[in-house]
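Data first, discussion second: the structure below is written as structure tokens.
The values are calculated or read from the model by the stated rules, or taken from the named source; none is laboratory data. This structure is a prediction, so every number in the text was calculated from the model and none was measured. Remember, those area values only see protein heavy atoms, side chains included, never the ligands or the DNA or RNA. Shrake-Rupley method; radii C 1.70, N 1.55, O 1.52, S 1.80 Å.
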Amino acid sequence: MKKLFPLLLLFLAQIAYSQNYTILDSVQKTPISYATISFGNGNGTFADADGNFRFSKKWYPDIDSLYISALGHKELALSTKSLPKEILLVEDVAMLKEVIITAEKKRKYKTKKLPSEVHNDYFRSWLPTVESEIAVFFPKNTERSTKIASVYLPVKVESSNRNATKNQSFTTVFKMQFYTNNNGFPGKRMSYDDVIFNVTDKGKSNFELNVSEYKVFIPKEGIFVSIQVLGYADKDGKLQQTKKYSEIETRKGIVKVPTTFRPLLPFTDKISGYKTFTRRIFFKNRTWQRFDKEYSDNNNLIKNNNTNYGMGLKLHLYEDE
């Protein structure tokens with residue numbers, strides 16, 4: 001109990017220094033879930049399901065501006081000196097969701113699986129951070145109307161620490177999004193809703209995420225499926241509002257190092273070509289980069305040809321009417 005008391009005081013002190021803000025739609029005054037809050041320096045955080053996030057100058061003394069963005073809304077820049085408790089985002093008419101007309105009822109279909117590539121090797125796995133989004137390309141290899149029923153996500157839930165017990169629990173919140181194919185790179189964000197899901201230490205190494213209800217159909221040019229870590233969840237499964245960076249003192253000064261999250265994402269050399277792309281989502285340009293030697297000469301995954309995340313799909317191929 002004596003050891004827990006200082007930790008409790010530290011936690012309470014952090015909460016006291018931080019303040020809670022809510023991001024709302026300017027017209028409907030409804031919360032905007034999982035909005036992105038960029039700090040303008042390559043770092044940032046996210047709102048939770050209720051549009052809330054925490055920020056304080058004590059946590060981030062060098063941050064002068066916040067850049068807040070969400071699908072279907074115009075980005076808003078605010079000074080950290082006078083943040084309103086309620087932050088209103090204006091709808092972007094040019095980005096309003098398209099009406100997607102589908103006629104899948106009473107239509108027969110065949111199921112096809114594109115298997116994932118699963119392994120349990122820590123040294124061939126990506127360590128997820130909140131600043132990175134990973135997208136994998138899937139071509140459309142049939143003339144039939146094709147819906148994504150499930151996405152298979154290889155995960156490694158165990159810690160790399162050999163002395164750690166298998167009982168160390170976690171719940172991590174992920175976001176999945178879908179993009180068009182723009183000359184081999186992820187292009188325009190498609191109009192489907194964000195798919196928010198949790199992965200726990202109890203999950204299987206080949207995690208299956210059922211996305212059938214979202215009615216995601218693959219265009220003739222193919223589709224990019226992306227995943228992105230939002231952070232750890234609390235005991236109720238909701239996104240925790242915590243500082244997601246550590247500060248390390250170096251010869252060149254203080255360097256912010258993003259926290260890594262479990263589960264790890266196994267990469268593989270068993271997929272031909274370069275189908276995996278990544279980008280740092282807190283940068284203004286958010287440029288996608290193909291995960292190859294041009295991405296990095298020093299990355300150990302790339303050096304050993306583990307250049308693809310082994311994501312797989314379950315597809316519904318509809319018969320012609």
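Laid out as a table, the results:
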{"read-out": "Quotient of Cα Rg and 2.2 N^0.38 Å for the range 202-321, N being how many residues it contains", "value": "1.34"}
{"read-out": "Å² of accessible area per residue within the chain, as computed with a 1.4 Å probe and no ligands counted", "value": "56"}
{"read-out": "Computed over the range 23-158, the ratio Rg/Rh where both radii use C-alpha atoms and Rh is Kirkwood", "value": "1.07"}
{"read-out": "Calculated [θ] (222 nm, deg cm²/dmol) that DSSP helices of n ≥ 4 give over the chain, each run adding -39,500 (n - 2.57)", "value": "-1500 deg cm²/dmol"}
{"read-out": "Cα long-axis angle, helix 4-17 against the chain (0 to 90 degrees, to the nearest 10)", "value": "80"}
{"read-out": "At 1.306 mPa s and 10 °C, Stokes diffusion of the range 116-263 via Kirkwood alpha-carbon radius, µm² per second", "value": "92"}
{"read-out": "Calculated P(r) of the chain - Cα pairs past 28 Å, %", "value": "45"}
{"read-out": "Candidates LYS275, LYS108, LYS215, ranked by Gaussian network fluctuation over the chain, Cα under 10 Å, top entry", "value": "LYS108"}
